[in-house]
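Note sheet for the following structure.
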Amino acid sequence: TLVSGGISSNDELLSNGFFIQPTIFSNVKPEMRIAREEIFGPVMSVFKWNDYENLISEINGLEFGLTAMIVTNNMKQAMETSERVEAGYIWINTNGRYLGAPYGGWKASGIGQEECFDELLSYTRIKNVNLRW
């Protein structure tokens, strides 16, 4: 269900691109296309479950695992969920990235780690030479 946004920009400067207003979809189900593809834009898909184990199973059954956001008033369950959900970056009752915090996806998401020591290492190659002279 489209809650807000989803409209192309009327700004003439953006007329040659694929720009949309920030968009929110609710009642998203794991079998929907919007849940099965990564969207790199201002789009939020809201999932809701009544069965916790079903939530974990369905979320982890998705092909991608870049990010997840948990909105709750139960911190204990939020921490357990963050351990069990297969995603590289998880927000609990917040959003945004923090300078120096490792960022990268799991499963078919992303192209490696960003903004951390692991990213620096990704630009290096290890070589081990053993020699007896």
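Computed from the coordinates by the stated procedures, all read-outs in this text should not be read as laboratory data. Fair warning: this is a prediction, and the values are worked out from it, not measured in the lab. Reconstructed Cβ throughout: ideal geometry from the backbone, glycine too, with neighbour counts over all protein chains shown.
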Which of the three applies to the chain, rounded, prolate or oblate, going by the alpha-carbon gyration tensor with a ≥ b ≥ c and a/c under 1.5 meaning rounded?
oblate
If R₀ is 25 angstrom, what is the calculated FRET efficiency for the pair Glu83 and Val43, using the beta carbon separation as r and rounding to 0.05?
0.40
Restricting to bridges with both residues inside the chain, how much of the DSSP beta-bridge set is antiparallel, in percent to the nearest 5?
45
Extending each Cα 7 Å along its Cβ direction at Asn95 and Arg125, get the distance between those two points in nm, one decimal.
4.1
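With Cβ to Cβ distances under 12 Å as the rule, what net charge do the other residues near Ser57 carry (K, R +1; D, E -1)? It would help to have the intermediate numbers written out before the result.
Numbers: positive: Arg84; negative: Asp51, Glu53, Glu58, Glu86.
Result for the neighbourhood of Ser57: -3.
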Label-point separation in nm, Ser8 to Arg132, each point 7 Å along Cα→Cβ
7.1
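Could you please report the charge total around Arg84, scoring K, R as +1 and D, E as -1 over all other residues with beta-carbon less than 15 angstrom from its beta-carbon?
It works out to a net charge of -4.
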